[in-house]
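The values are calculated or read from the model by the stated rules, or taken from the named source; none is laboratory data. Everything quoted here is computed from the prediction, not taken from an experiment. Here the Cβ is made from the backbone with ideal geometry for all residues, glycine too, and neighbour counts use every protein chain on show.
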Amino acid sequence: MASRLLVPLALAIGTAVFYPGDAARAAEPVALKVITPKAHFGFNLGDDYCLANYEQYTAYLAKLAKESDRIKVVDIGRTEERRPQLMAVVTSPANHKLLSRYQTIARNLANADGITSETAKKLAAEGKAVVWIDGGLHASEVLCAQALAETVYQMVSGTDPETLRVLDDVIILFVHANPDGHDLMADWYMRDKDPKKRSLGGLPRLYQKYIGHDNNRDFYANTQAETRNMNRVMYREWLPQIVYNHHQTGPPGTVLFCPPFRDPFNYNFDPLVVSGIDAVGAAMMQRFLAEDKPGATTRSGARYSTWFNGGLRTTAYFHNMIGLLTETIGSPTPMRVPFNPALQLPKADLLSPVAPQEWHFRRSIEYSVTANKAVFDYASRHREQLLYNIWLMGKNATERGNRDSWTVTPKMVAAAKGARGADAFQKFFRDPTKRDARGYVVPADQPDFLTATKFVNALIGTGVRVHRATSAFEVSGKKYPAGSYVVKSAQAVRAHVLDMFEPQDHPDDFAYPGAPPTPPYDAAGYTLAFQMGVQFDRVLEGFTGPFEELKDEVPPPPAKVLDANGAVGFFLRAQANDGFRAVNQLLAAGEEVRRLKEPCTVDGVKHPAGMFFIVKKDGTQTRLEKIAQNLGTRFVGSKEAPEKEAVALKPVRIALVDRYGGAMPSGWTRWLFEQFEFSFTVVYPPDLDRGGLRDKFDVIVVVDGLGGGRGGGGGGGGGDQPPEPNAVDELALPAEFRGRRGSITATKTVPELKKFVTAGGTLLTIGSSTSLANQLGLKIESHLVETGTDGKEKPLGRDKFYVPPSVLRAKVDPTHSLAWGMSDEVDVMFANSPTFRFPTGAAASGLTRVSWFAGKAPLRSGWAFGQEHLDGGTAVIDATVGKGKVVLYGPQVLYRAQPHATFKLVFNAIVRAGQNE
């Protein structure tokens, strides 16, 4: 049978697309008639003022599965709210009978292990292209889940030749990305019986239990239930060649954005990924044009690039997959395409402008289905090529990991600027010391190996092959203990390995010389190993050892209770973040826990400040043994107890501030507190305004974006948030959401916060919320200023200083109580964050500098234009106000629950508030 790669061009017939062989399929048996969306939902998908919810969608899939042998419905796991997350596998009945075989082919080709080119070609000829189509990730983008259901129906019911061909050649994974949000959003819109009064605005909480819009920023960290479900399917079970992630809304004045994307693309992944994106994007555009669907824009039409790793479609790039994104307009409430004269002239990135007009939801559904079918058609035509290319990329990655290789970065190019001569290339681009790593060793004897294990599990959860040493070994003259982790570069997903261990070097991005920086799509730097504070060694030579492959994520290495005989109590180190979880469990169980407030020698052993001491009572040792086994925290017995050096702890009453509609930084913090078992209460500005806070709480946490203002030098992004409802809507809200509206104000809230602090409470402020410090009378000034021509200071403009989310290195005072358990340097997430001027005589004013920037180049990973301005700036301040404390965290110390390296700065502050002194 001739390869379909030999057919260069489609033959356009009407609005359908055919190629030779389709005509014969017209006579093939067709599927039985299945229930239509209207018959099931009571309306056509896309009808004005109508939205189907997830419960209705799951029932529809169940009916289709009973009526058709083209579809199999798979429960891929529970969501955060315990709904089943469903995937519909759609292909021909014949393919379903061999589904396991085709899945194995796709997986083996993607992993590329021991497969020769000849074998790869045979498997590609036998296999079926695998395409991932998702919907509903951002539940407020309601089009996507509705279009998902419509496309499933059309592919299950269609009898045209193209559909039959696609079903023969392609296995489609239709994945619902956010069931919880779908039910919440659809039910919210449909709650009013009068269709004309229905609105998507004013959703009372985040549409993913914890992180809302940031559920599309979690795919390398792999923290949320839905993310973990999808990552398992994508990177460990099916490994599709194409991943298509649907979004809203299109750039104003157009209908949608579709690939290709603008530069920069990440230099770690294979260029075949980029060319594949461009090719599929061209196929989508051609189909829009052939079907007279104008208004599709590409590249410069929107800000989307392929640099960031962490989104649903972007993590795919680092796994040799073609990741697609569209952003399409549409609302169940009719809308208009606005008039923008600049978008009426055709150009390369907008081939067919759309006229301003009234727009109905059904048209957006049709555009989405067209885009999906363009992808299916491309996958059908290029089935063998897609399967072979994912093997080829995996093979190339593995080979690069097995030999000396170099990754050219912007810094290398800048260093070579102007270089000439025969040896210039070798000097700047083949420096032996700048070779890519053959692998990475994560030693088992590092201070927080439990966090290192979490990092390794994030790698495993995203399809990275990880090994563990079964005994001690030596590499490049350095000895490592048994239990150390080894991650070799010689694997198909080498790009992802490098991106998680190595710094990102984001290129300078300016529209023209002298222009302000062009903001990246998302984070410019995010190296997960840096954020998590993982200690590792880069190995530049090939190496072997007593290594076993980890087949799945691993539990924390169990620890023991040592020296228990005759012990009056047990010490617990503060270096491991999970030590705080252990302490929280012990306090909740009524155990007596103390903490060293200064170094001391007990029973002949020197202990640093910050160590925990658990007094032995009946049942204490048994409880510690259980915790040591489950959490991996080691306890060491002592025959003597510390005296005045130790202070008793009590459970801390935490108030975590949120707002109506939900703030993502607050949601991330909520998830994080639950993971480490901190007991907390979510409060809203009206709760703060009522006062009496010190009687209720010991700690109040105000995350980025909730304190008002821009702090000491600019806030880190809080992300998109749904608007609040009008005041008249308050009584129409469900009872559980009433009383949440409002914001922190200088007139009502700040006076109550000041009463709370002066009475002994602890106020923790992060990012832009550090602006509360000045409102509380601390007079904290920004470090990021310049003197204007009028002699007055003004904030640095973006033409002189700009740091999108990136990893910077900061100094730390490890003797300070907020930094106990830390070293003297730490990597911090910085997002145009406040940076403070530490005033002369600050100590007399009750201010202490905990962390600061030293040097002209603190950038570790990402992009920091004008970074020299940070030199000497203060990152974290601990302030005494009355009997209490105010802590100012300029950087994003809890950023998306990823920077484990800076968690202790917050955990220590919370525990300190529970000291009985």
Of those in region 781-825 that are over 32 Å from the mean Cα position of the chain (by Cα) and assigned to a loop (DSSP other than H, G, I, E, B), the residue farthest from E752 (Cα to Cα) is T789
Considering region 378-397 alone, what residues qualify as being within 26 Å of the chain's Cα centre (by Cα) and under 30 Å from Q426 (Cα atoms)?
M393, G394, A397
Name the residue that is farthest from the chain's Cα centre (by Cα), counting only residues in region 610-640 that are farther than 11 Å from P558 by Cβ and hydroxyl-bearing (S, T, Y).
S638
Pull out all pairs, ordered by first then second residue, where Cβ-Cβ is under 6 Å, the residues are six or more apart or on different chains, the first lies in region 597-609 and is in the same structural domain as P642 (by TED's automatic domain parsing), and the second is of a type in the set (S, T, N, Q) and outside any loop (DSSP other than H, G, I, E, B).
V602/S638; D603/S638
Please find, within region 481-516, the residue that is farthest from D270 (Cα to Cα) out of those that are touching a residue at least 40 places away in the same chain (Cβ under 8 Å) and part of a strand (DSSP E or B).
Y485
Given the condition assigned to a helix (DSSP H, G or I), among the hydrophobic types (A, V, I, L, M, F, W, C) and within 21 Å of C50 (Cα to Cα), answer yes or no: does some residue in region 227-236 qualify?
no
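Tell me the helices (runs of 4 or more DSSP H) entirely within region 93-209 that contain at least 3 residues that are charged (D, E, K, R) and out of contact with any Asp or Glu (no Cβ under 9 Å at 6 or more places or on another chain).
Details: elements: 93-97, 99-111, 117-126, 143-157, 161-169, 179-190.
The helices (runs of 4 or more DSSP H) meeting that bar are 117-126.
Select, from A574, A648, A609, A589, the only residue that is surrounded by fewer than 20 Cβ atoms within 10 Å (Cβ to Cβ) and under 15 Å from N908 (Cβ atoms).
Numbers: A574 fails: surrounded by fewer than 20 Cβ atoms within 10 Å (Cβ to Cβ); A648 fails: under 15 Å from N908 (Cβ atoms); A589 fails: under 15 Å from N908 (Cβ atoms).
Exactly one residue qualifies, and that residue is A609.
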Long-range neighbours under 7 Å by Cβ, at least six apart or interchain, first residue more than 17 Å from F174 (Cβ to Cβ) within region 73-88, second of a type in the set (A, V, I, L, M, F, W, C):
R78/A225; E80/A225
Consider only pairs whose beta carbons are under 7 Å apart and that are at least six residues apart or on different chains; among these, list those whose first residue lies in region 43-58 and is in the same structural domain as K197 (by TED's automatic domain parsing) and on the phi < 0 side of the Ramachandran plot and whose second residue is at pLDDT 95 or above and among the acidic types (D, E).
L45/E150; N53/D183; N53/D187; Y54/D183; E55/D183
Kindly establish whether P642 is buried (at least 21 other Cβ atoms within 10 Å of the Cβ) and either in the same structural domain as R740 (by TED's automatic domain parsing) or not hydrophobic (A, V, I, L, M, F, W, C) (or both).
yes
Of everything in region 556-590 that's touching a strand residue (DSSP E or B) at 6+ places or on another chain (Cβ under 6 Å) and of a type outside the set (A, V, I, L, M), which residue is nearest to S817 (Cα to Cα)?
G579
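Any chance region 281-291 includes a residue that's acidic (D, E), in a helix (DSSP H, G or I) and surrounded by fewer than 24 Cβ atoms within 10 Å (Cβ to Cβ)? Step through it out loud before you land on a result.
Within region 281-291, the first condition is being acidic (D, E), and the residues that meet it are 291.
The next check asks that each one be in a helix (DSSP H, G or I); those that pass are none.
Within region 281-291 (the criterion being acidic (D, E), in a helix (DSSP H, G or I) and surrounded by fewer than 24 Cβ atoms within 10 Å (Cβ to Cβ)), the answer is no, since none of the residues qualifies.
In the set R363, R383, which member is assigned by TED's automatic domain parsing to the domain that holds A186 and in contact with an Asp or Glu (Cβ under 7 Å, 6 or more places away or on another chain)? Before you say what the answer is, go through the steps one by one.
Numbers: R363 fails: in contact with an Asp or Glu (Cβ under 7 Å, 6 or more places away or on another chain).
Going through R363, R383 in turn, just one is assigned by TED's automatic domain parsing to the domain that holds A186 and in contact with an Asp or Glu (Cβ under 7 Å, 6 or more places away or on another chain): R383.
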Mind listing just one residue for me: the one in region 205-246 that is hydroxyl-bearing (S, T, Y) and in contact with a Lys or Arg (Cβ under 8 Å, 6 or more places away or on another chain) and, of those, farthest from K454 (Cα to Cα)?
Y244
Pairs where the first residue, in region 116-127, is under 9 Å from Y388 (Cβ atoms) and in the same structural domain as M393 (by TED's automatic domain parsing) and the second is among the aliphatic types (A, V, I, L, M) and in a helix (DSSP H, G or I), C-beta under 6 Å, 6+ apart:
L123/I105; L123/L109; A124/L387
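Per-residue answers, yes or no, for (1) in the same structural domain as T249 (by TED's automatic domain parsing); (2) assigned to a loop (DSSP other than H, G, I, E, B); (3) farther than 25 Å from T398 by Cβ; (4) not basic (K, R):
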{"site": "Y304", "(1), (2), (3), (4)": "yes, yes, yes, yes"}
{"site": "N309", "(1), (2), (3), (4)": "yes, yes, no, yes"}
{"site": "A316", "(1), (2), (3), (4)": "yes, no, no, yes"}
{"site": "G323", "(1), (2), (3), (4)": "yes, no, no, yes"}
{"site": "T326", "(1), (2), (3), (4)": "yes, no, yes, yes"}
{"site": "P332", "(1), (2), (3), (4)": "yes, yes, yes, yes"}
{"site": "F339", "(1), (2), (3), (4)": "yes, yes, yes, yes"}
{"site": "A342", "(1), (2), (3), (4)": "yes, no, yes, yes"}
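Which residue, of A529, A567, is assigned to a loop (DSSP other than H, G, I, E, B) and on the phi < 0 side of the Ramachandran plot?
Numbers: A529 fails: assigned to a loop (DSSP other than H, G, I, E, B).
None of the others qualify; the one that does is A567.
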Residue satisfying condition, being of a type in the set (D, E, K, R), touching a Lys or Arg at 6+ places or on another chain (Cβ under 9 Å), crowded, with 18+ Cβ neighbours inside 10 Å and within 28 Å of N53 (Cα to Cα), within set E80, E150, E141:
E80
Inside region 860-875, can you point out the residues that are buried (at least 24 other Cβ atoms within 10 Å of the Cβ) and either part of a strand (DSSP E or B) or modelled with pLDDT under 95 (or both)?
S861, G862, T874, A875
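Take the conditions surrounded by fewer than 22 Cβ atoms within 10 Å (Cβ to Cβ) and more than 24 Å from A492 (Cβ to Cβ) and apply them to A88. Does it pass? Break it down into steps so the answer makes sense when it comes.
Working: surrounded by fewer than 22 Cβ atoms within 10 Å (Cβ to Cβ): no; more than 24 Å from A492 (Cβ to Cβ): yes.
No; evaluated as a whole, the condition is false for this residue.
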Name the single residue that is surrounded by the most Cβ atoms within 10 Å (Cβ to Cβ) among those in region 237-259 being of a type in the set (S, T, Y) and part of a loop (DSSP other than H, G, I, E, B).
T254
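D563 - would you say it is farther than 26 Å from L905 by Cα and within 21 Å of the chain's Cα centre (by Cα)?
Spelling it out, it is not the case that D563 is farther than 26 Å from L905 by Cα and within 21 Å of the chain's Cα centre (by Cα).
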Is it the case, given these coordinates, that R262 is modelled with pLDDT of 95 or more, in the same structural domain as Q344 (by TED's automatic domain parsing) and not in a helix (DSSP H, G or I)?
yes
Condition set assigned to a loop (DSSP other than H, G, I, E, B) and farther than 19 Å from K488 by Cα, scope region 422-460, selection modelled with the lowest pLDDT: answer is A422
Filtering region 309-349 for residues that are surrounded by 24 or more Cβ atoms within 10 Å (Cβ to Cβ) and among the aromatic types (F, W, Y) leaves a count of 2
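Regarding A524, is this residue in a loop (DSSP other than H, G, I, E, B), touching a helix residue (DSSP H, G or I) at 6+ places or on another chain (Cβ under 7 Å) and buried (at least 22 other Cβ atoms within 10 Å of the Cβ)?
Numbers: in a loop (DSSP other than H, G, I, E, B): yes; touching a helix residue (DSSP H, G or I) at 6+ places or on another chain (Cβ under 7 Å): no; buried (at least 22 other Cβ atoms within 10 Å of the Cβ): yes.
Judged against the criteria, A524 is not a match.
Identify, from the list A810, A843, A819, the residue that is of a type in the set (G, A, S), within 20 Å of P899 (Cα to Cα) and out of contact with any Gly (no Cβ under 9 Å at 6 or more places or on another chain). Can you show your working first?
On the way: A843 fails: within 20 Å of P899 (Cα to Cα); A819 fails: out of contact with any Gly (no Cβ under 9 Å at 6 or more places or on another chain).
Just one listed residue meets the conditions, A810.
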Those residues that are small (G, A, S) and closer than 19 Å to E327 by Cβ, I need them from region 256-295; list them, please.
G281, A282, A283, G295
